[in-house]
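Notes for the one structure printed next.
The values are calculated or read from the model by the stated rules, or taken from the named source; none is laboratory data. This structure is a prediction, so every number in the text was calculated from the model and none was measured. Virtual Cβ from ideal backbone geometry, glycine too; neighbours counted across all protein chains shown.
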Amino acid sequence: MVRIFHPLLFLLGRSTTDELQKQVEFLKAENEMLRKRVPKKHIFLEPVERAKLLKLGKELGPGIRQLITIVSYSTFRRWVRKEEGKGPTRKGRPRLATIVRELVVMIAKETGWGYTRILGELKKLRVGPICRQSVKNILIEHGLDPGPRRGRGTWSDFLRIHAETLWQCDFFSKRIWTPKGPQQIFAMAFIHLATRRVFVTPGTFKPDAVWMETHARAFLDHAAEEQLPCSIVTCDYDDKFSKAFDQVFKDRSVHVKRVGPQAPNLNAFIERWIQSLQQEALDHFVVLGKEHFDYIVSEYVAYYHDLRPNQGLGNVLLPRPHGELVDAAGRDDCTPPPLNLAEVKCEQRLGGLLKHYYRAAA
């Protein structure tokens with residue numbers, strides 16, 4: 001390259017102005033022909049090559065505009081500015097911080113609010129500066145509807161909003177053996193959505209109106225005693241939930257809400273609890289009489305309330321009746337001591353069917 005470059009400079013040094021102009025024209029024409037035969041449209045220069053073009057081009061001044069062909073003149077000027085430390089001036093508003101964008105998305109997902117309502121919350125939190133259009137753009141980028149959620153909401157929204165005062169109720173039954181032969185026994189269970197605590201009636205062979213009214217009152221007394229609020233009770237359209245049953249709740253200012261037929265998801269919490277009772281306890285026994293049935297159910301309820309971690313609440317024990325939380329070991333403090341297998345003991349109920357592990361006192 002050096003051997004070619006030196007003779008070229010020697011030739012230019014000996015040439016007149018007119019000859020130099022003709023040589024430049026010739027070199028430009030030759031360069032254009034070569035560029036047409038380059039396979040790629042864009043030519044990428046090495047740093048050393050770029051530095052050489054800058055050095056030679058800056059000496060030519062504005063005349064470089066008429067000569068340069070390997071890159072555009074604007075690209076060459078950008079190289080010059082970058083070399084001189086005069087980077088491009090950023091135009092437009094700066095991009096919002098990532099944490100602000102995450103906050104917008106979080107509020108939208110948790111509330112279903114539109115972008116104008118979210119903007120109000122951001123201003124209240126003194127997050128800014130930010131405009132309505134920015135909030136709207138963020139929601140659209142994350143696939144969220146920028147408009148507010150309309151209508152009455154979903155059933156899940158209803159359950160979440162009313163969980164603190166909402167109970168679900170349903171019947172369960174089992175065929176048992178009695179002195180009179182096999183009979184179907186029934187019981188009624190209630191579950192409080194916020195705490196997952198349950199109330200189960202004794203079994204009966206005849207869940208008539210009198211029995212229903214008696215145990216409806218017993219349930220309400222139990223909820224009041226345990227300080228678990230009750231303003232709504234959901235149940236299905238079973239004929240056993242009669243008008244007299246509803247009247248007991250109405251007298252206590254509790255609304256009974258029926259859920260649709262063949263829609264177990266609408267009463268899913270109590271349905272799931274009954275399934276656990278049956279699969280973990282009742283299905284394992286040939287039940288001999290009503291007392292045997294009540295004993296199995298009461299043992300499971302005690303085990304469920306005090307010893308069985310609840311998967312729906314993050315695998316911890318159920319809150320105590322007055323809202324006090326305990327850790328999975330049944331202690332108020334959540335700092336676990338060092339593990340020693342010799343201290344781990346197993347407590348059994350219902351003949352070993354229900355097991356509970358705990359740490360023996362040192």
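Key figures
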{"read-out": "Test: residue in the range 235-251 that is surrounded by fewer than 21 Cβ atoms within 10 Å (Cβ to Cβ), assigned by TED's automatic domain parsing to the domain that holds residue 272, farther than 25 Å from residue 159 by Cα and in contact (Cβ under 8 Å) with a residue 24 or more places away in the chain", "value": "yes"}
{"read-out": "Set 261, 182: member being part of a loop (DSSP other than H, G, I, E, B) and of a type outside the set (A, V, I, L, M, F, W, C)", "value": "261"}
{"read-out": "Among the residues listed as 101, 90, the single one being basic (Lys, Arg), closer than 30 Å to residue 140 by Cα, out of contact with any Ser or Thr (no Cβ under 8 Å at 6 or more places or on another chain) and at pLDDT below 80", "value": "90"}
{"read-out": "Single residue of the range 310-362 satisfying the filter (among the polar types (S, T, N, Q), within 23 Å of residue 298 (Cα to Cα) and not in a helix (DSSP H, G or I)) that is modelled with the highest pLDDT", "value": "348"}
{"read-out": "Residue in the range 240-249 that is of a type in the set (S, T, N, Q), within 35 Å of the chain's Cα centre (by Cα) and closer than 22 Å to residue 162 by Cα present", "value": "no"}
{"read-out": "Conditions (1) among the hydrophobic types (A, V, I, L, M, F, W, C); (2) assigned by TED's automatic domain parsing to the domain that holds residue 256; (3) in a loop (DSSP other than H, G, I, E, B): number failed by residue 130", "value": "(2)"}
{"read-out": "Only one of 199, 190, 219 that is in contact with a strand residue (DSSP E or B) (Cβ under 7 Å, 6 or more places away or on another chain), at pLDDT 95 or above and part of a helix (DSSP H, G or I)", "value": "219"}
{"read-out": "Considering residues of the range 43-57 that are aliphatic (A, V, I, L, M) and in a loop (DSSP other than H, G, I, E, B) only, the residue surrounded by the fewest Cβ atoms within 10 Å (Cβ to Cβ)", "value": "43"}
{"read-out": "Scan of the range 164-194 for residues that are at positive phi and crowded, with 16+ Cβ neighbours inside 10 Å, ordered by number", "value": "none"}
{"read-out": "The range 273-284: number of residues that are free of Cβ contacts under 8 Å to residues at least 60 places away in the same chain and either surrounded by 15 or more Cβ atoms within 10 Å (Cβ to Cβ) or of a type in the set (S, T, N, Q) (or both)", "value": "3"}
{"read-out": "Of residues in the range 99-133 being more than 23 Å from the chain's Cα centre (by Cα) and more than 15 Å from residue 146 (Cα to Cα), the one surrounded by the fewest Cβ atoms within 10 Å (Cβ to Cβ)", "value": "126"}
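Condition check ((1) under 28 Å from the mean Cα position of the chain (by Cα); (2) within 21 Å of residue 303 (Cα to Cα)) across all residues:
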{"site": "185", "(1), (2)": "no, no"}
{"site": "190", "(1), (2)": "no, yes"}
{"site": "195", "(1), (2)": "yes, yes"}
{"site": "205", "(1), (2)": "no, no"}
{"site": "215", "(1), (2)": "no, no"}
{"site": "236", "(1), (2)": "no, no"}
{"site": "255", "(1), (2)": "no, no"}
{"site": "270", "(1), (2)": "yes, yes"}
